[in-house]
Each structure stands twice: as C-alpha cells, then as structure tokens.
Amino acid sequence: DAEFLRRLSLDLTGRIPSPDEVNRFVTDPSPDKRQGLIEQLMASDAFIDYWTFFYSNQFEVTSRYYNFIGIPGRNLFYQYLRDFVAKDRSYAQVASELISGKGDSHKVAPPNFLVRALQQGDPVQDTWDFATDRFTKNFLGIRSECISCHNGAHHLEPINLYLSKRTRDEFWRQSAFMSRTN
C-alpha cells in the first residue's frame, strides 16, 4: 500500500505523499481505498498543476526562442492548457483546436501553438518545416526533423524503422500543407 501510494502520487501529482498521508492510507481498512485514492488525486489541484506543467513543457508555453510569444499569448495559452486538464477535455479535441487555431494569438489561445513555429529572419520554408516537425512530434509521436534534410534510409534504421523508409520529398509534401497557414 505504501509503495502504491508513493508511485501513484508521483505519477499523478509529481509529489511524494506526506508521512501523515502514508499512515492514513496504510491503516485504512477500506477494500476500495486504492480506487478512492485515484479519484482523490485526479480531482486535486496538485494533479491539475502537474499535468498543466507537463503540457506546458510539451507545447512550449514560454516567451523564449525568437520571442514571438508575447506575455499575453503565453499566459492565454497556459490558461488554455490548464483548462484542458481541469475540465478533462479530450486530447483529440485539443489537438484539433491547436492544429486549426485561428485569430490573434494575444486574444485566442490555440494559435499560440503554431506561433511557436515561426522562424524569424529565416526563409519561410524553415517555418513550414519546423511547424511540420512540431505537429508530427506532438500529435503523432514522430520526430520528423531528420528527414527534413535527408532521406531516412541507411541513417535511421537503428533509431526509427518508420522514418527509415520516409523521404525528404514526403516531408516536403507535409510542409507544403503547412505553407497554407497564416
């Protein structure tokens, strides 16, 4: 029970339980205490804080890099992700909103995801390529950056069998789709 409490607390809230919490849980005779703990932790502010932090890192809620991310947009995007976690919204719905985000990034949260792909001072194709890699990485779990410069064959076999069969031409076709964004 103590190990279960520790692992679950770390996995769901990023925090180690206090000694009092451990004692309460270990001495609780309820047969459904584990299910109750899961529900309690998932309803906690600590859960919302931890998973908002996770998604904030995933989607780079910062004002760094080329500094296209103004503080209003950064804060709006953070609140959007916090709301996503707090209201247990569908990841598919959020992904769709981020991919198709429209409007002023200082007034509407979803466009802030795409704004992070802008490559100031570089050829516009670099922005499309960077956006393509962001989308494949964040929503498909595939870091496609390697094939933006060269084919995957004879290079990526030890790392990623899927990408080892992909070509620059295929990546560029995906990037061409991104070129329609504004």
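Looking only at helices (runs of 4 or more DSSP H) that fall completely inside the stretch 69-137, which ones have 1 or more residues that are of a type outside the set (D, E, K, R) and touching a His at 6+ places or on another chain (Cβ under 6 Å)?
Once the helices (runs of 4 or more DSSP H) in the stretch 69-137 are filtered for at least 1 residues that are of a type outside the set (D, E, K, R) and touching a His at 6+ places or on another chain (Cβ under 6 Å), what remains is 71-86.
Could you list, in sequence order, the residues of the stretch 164-180 that are closer than 26 Å to LEU114 by Cβ and not in a helix (DSSP H, G or I)?
At the first step, the residues of the stretch 164-180 found to be closer than 26 Å to LEU114 by Cβ are 166-180.
Result: ARG166, THR167, SER179, ARG180.
Do you know which of the residues in the stretch 139-163 that are part of a loop (DSSP other than H, G, I, E, B) and open to solvent by 80 Å² or more (accessible area, probe 1.4 Å) is nearest to TYR91 (Cα to Cα)?
ARG143
Say we look at the stretch 86-133 and pick out the residues that are basic (Lys, Arg) and open to solvent by 60 Å² or more (accessible area, probe 1.4 Å); which of these is nearest to PHE177 (Cα to Cα)?
LYS102
Each row is one residue, and each column tells you yes or no for (1) at pLDDT 85 or above; (2) under 21 Å from the mean Cα position of the chain (by Cα); (3) over 28 Å from TYR50 (Cα atoms).
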{"site": "SER90", "(1), (2), (3)": "yes, yes, no"}
{"site": "LEU98", "(1), (2), (3)": "yes, yes, no"}
{"site": "ARG116", "(1), (2), (3)": "no, yes, no"}
{"site": "THR127", "(1), (2), (3)": "no, yes, yes"}
{"site": "ASP133", "(1), (2), (3)": "yes, yes, no"}
{"site": "ASN138", "(1), (2), (3)": "yes, yes, no"}
{"site": "ARG143", "(1), (2), (3)": "no, yes, no"}
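So that you can scan it fast, the table gives a plain yes or no per residue for (1) over 26 Å from ALA95 (Cα atoms); (2) part of a helix (DSSP H, G or I); (3) modelled with pLDDT of 95 or more; (4) open to solvent by less than 60 Å² (accessible area, probe 1.4 Å):
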residue: ARG15; (1), (2), (3), (4): yes, no, yes, no
residue: VAL22; (1), (2), (3), (4): yes, yes, yes, yes
residue: VAL26; (1), (2), (3), (4): yes, yes, yes, no
residue: PRO29; (1), (2), (3), (4): yes, no, yes, no
residue: ALA46; (1), (2), (3), (4): no, yes, yes, yes
residue: TYR50; (1), (2), (3), (4): no, yes, yes, no
residue: THR62; (1), (2), (3), (4): no, no, no, yes
residue: TYR65; (1), (2), (3), (4): no, no, no, no
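The values are calculated or read from the model by the stated rules, or taken from the named source; none is laboratory data. A quick note: this is a predicted structure, and the numbers were derived from the prediction, not measured. We place every Cβ from the backbone using ideal geometry, glycine too, and count neighbours over all the protein chains shown. Side chains are part of the model used for accessible areas, which takes the heavy atoms of the whole protein and leaves out ligands, DNA and RNA. Shrake-Rupley method; radii C 1.70, N 1.55, O 1.52, S 1.80 Å.
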